[in-house]
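Take a look at the structure set out below.
The values are calculated or read from the model by the stated rules, or taken from the named source; none is laboratory data. Only a predicted model underlies this, so the values are computations on that prediction, with no experimental measurement involved. Cβ placement follows ideal geometry from the backbone for every residue including glycine, while neighbour counts extend to all protein chains displayed.
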Amino acid sequence: MNQENKMELKFPKIRFFIILFLVLIGIGLCIELSIIFYKANFLDVHVPSFCTISEKIDCDGVAATSYSLSLGVPNALWGLFLYTVILMLLFVDRIQNKFKNTIFDVFENPRSYIATLGLLSFAISMVLAFISIFKINKICILCFCTYFVDLFIALCANTKGFFINDIKTTVVDFIKGAKKYFILFLVVLIAFVSGLYYLNDSLIFSPKLKKEKTMKEFFEAKNNKYAIKENVLGNKNADVVINIYSDYNCPFCKVVNIMLHKAAREKNILVNEINFPLDTSCNTKISGTLGGHENSCLYSRIALAAKKQEKFWGVANILFYSDGIGEEEILSKIEKAHLGLDMNKLKSDMNSPEVLEQLQNDIQKTVDKSISGTPAIEINDVLYMGSMPYEDLIEKIELAHKRANNK
């Protein structure tokens, strides 16, 4: 590289201090954004941040969405990482003088690297800005401030032309450095990718989004992959007994049903289902049949009849995914499932006095608990109304275990 080109790649003093000032502003903005992110994602109740002004200008609202993370890492932390790297590049010549013949020697053209990083981050920022305006319909003014900081950094560091020379120099130097320290580069790359994979999968930076993701697994399930066929779900001798008051045409009951099947594999529990069909053809304790629940009494009778053949949960899991179809269709669907049922006995039992009495007993048990809707989850006599995130269910089961063992 000739002397003229070398001079172009050095920082004029004024540009050096402007970029340093911009970097410090960027770090300050990202620290504040990290605090906002923490409050929005880790605290159930918090004082709104100063930049939450209206429904449209809402930093807290943006921070609470999945778009506030990229690859499982909060965008604010990505910003801190960016500005830390730029800060290092600003002083890399001093670092090189102190640590000669080390990996820092590969940073031959820091000005080009800063220009490229600034331009790249600004391009990504424009994508985030588009999402913020048109998809989230909320604006984080602090985020937009960082976008302009990135642009000004890129413009101040640009050597000549429209960044073409800087991008080319950065790519060439990166390839050269990666070849020179190939083993180290490979180890860092593997560690970096593995770390991002873990963070993106675990969502440890956003427990609220993790709960939403977990709930999505159950709400969008097309079937119960944890399903069993027999009458006993869990351990007969478990010290934690869960009664689920349920209706087969209740969508939230279907979600809880999957959760309890999964929990029965992970925890020492026993799950009992108590029928409470929201259908006045058998349930006179409610004022009227809810829309879509017209065959709920029929389904409860079928499930209780299947219990007499030790196939209660096998049939129950079919009923939850039958969308209220009629008697002939649902019986045909159960027969095609090949659960080993005697279908003639099932048809006889579902209309037997014994099954009808059992159904009325279930309804009365539910009413005696002052339950008027489904689902309701009773864990060792502690009642919880409605569905809940899976993590909350497990926490309540673990708490019940502790209480049972401390008696």
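Identify, please: which residue in region 78-113 is free of Cβ contacts under 8 Å to residues at least 60 places away in the same chain and of a type in the set (Asp, Glu) and is, among those, nearest to Tyr181 (Cα to Cα)?
Applying the filter and picking the extreme gives Asp105.
Hey, could you check region 356-377 for residues that are assigned to a loop (DSSP other than H, G, I, E, B) and surrounded by 14 or more Cβ atoms within 10 Å (Cβ to Cβ) and say which is nearest to the chain's Cα centre (by Cα)?
Pro375
Within region 48-64, track down each residue that is surrounded by 18 or more Cβ atoms within 10 Å (Cβ to Cβ) and part of a loop (DSSP other than H, G, I, E, B).
If the condition is that a residue be surrounded by 18 or more Cβ atoms within 10 Å (Cβ to Cβ) and part of a loop (DSSP other than H, G, I, E, B), then Ser49, Cys51, Ala64 are the ones that fit.
In region 208-232, what count of residues is obtained for those that are in contact with a Leu (Cβ under 7 Å, 6 or more places away or on another chain) and not basic (Lys, Arg)?
1
Could you list, ordered by first residue, the pairs with Cβ atoms under 7 Å in which the first is in region 310-324 and assigned by TED's automatic domain parsing to the domain that holds Asn272 and the second is outside any helix (DSSP H, G or I) and among the basic types (Lys, Arg), at least 6 apart or interchain?
Here the result reads Lys311/Lys229; Trp313/Lys229; Gly314/Lys229, each pair linking region 310-324 to a residue that is outside any helix (DSSP H, G or I) and among the basic types (Lys, Arg).
Just need a number here: residues in region 71-82 that are modelled with pLDDT under 95 and farther than 13 Å from Pro207 by Cα.
Selection size over region 71-82: 1.
Within region 65-78, how many residues turn out to be in a loop (DSSP other than H, G, I, E, B) and closer than 18 Å to Ile136 by Cβ?
Number of matching residues: 1.
Please work out if Asp150 is in contact with a helix residue (DSSP H, G or I) (Cβ under 8 Å, 6 or more places away or on another chain), over 30 Å from Phe50 (Cβ atoms), in a helix (DSSP H, G or I) and not hydrophobic (A, V, I, L, M, F, W, C).
no
If you go through region 378-401 one residue at a time, how many are touching a residue at least 60 places away in the same chain (Cβ under 8 Å) and either closer than 17 Å to Leu270 by Cα or part of a strand (DSSP E or B) (or both)?
10
Search region 19-34 for residues being under 13 Å from Phe81 (Cβ atoms) and surrounded by fewer than 20 Cβ atoms within 10 Å (Cβ to Cβ), and hand back the single one that is farthest from the chain's Cα centre (by Cα).
Only one residue fits best here, namely Ile27.
What about Ile31, is it of a type in the set (Val, Ile, Thr), closer than 30 Å to Asp173 by Cα and in a helix (DSSP H, G or I)?
The answer is no for Ile31.
Restricting the search to region 38-85, which residues are under 17 Å from Ala129 (Cα atoms) and among the basic types (Lys, Arg)?
Correct list: Lys56 only.
If I ask for residues that are in contact with a strand residue (DSSP E or B) (Cβ under 9 Å, 6 or more places away or on another chain) and assigned to a loop (DSSP other than H, G, I, E, B), which ones from region 107-145 would you list?
Listed by number, the residues that qualify are Lys138, Cys140.
List the number of the failed condition for Lys211; all other conditions in (1) at pLDDT 85 or above; (2) crowded, with 16+ Cβ neighbours inside 10 Å hold.
The number of the failed condition is (1).
Quick check on Ser70: is it assigned by TED's automatic domain parsing to the domain that holds Asp166 and in contact with a Leu (Cβ under 6 Å, 6 or more places away or on another chain)?
In short, no.
Matching residues to (1) on the phi > 0 side of the Ramachandran plot; (2) more than 34 Å from the chain's Cα centre (by Cα):
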| position | (1), (2) |
| --- | --- |
| Ser348 | no, yes |
| Glu354 | no, yes |
| Asn380 | yes, no |
| Tyr384 | no, no |
| Leu393 | no, no |
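Read through the list (1) surrounded by fewer than 17 Cβ atoms within 10 Å (Cβ to Cβ); (2) at pLDDT 95 or above, then give the number of the only condition that Asn97 fails.
Failing condition for Asn97: (2).
Would it be correct to say that Thr102 is more than 27 Å from Phe152 (Cβ to Cβ) and assigned by TED's automatic domain parsing to the domain that holds Phe17?
Considered against the rule, which asks whether it is more than 27 Å from Phe152 (Cβ to Cβ) and assigned by TED's automatic domain parsing to the domain that holds Phe17, Thr102 comes out as yes.
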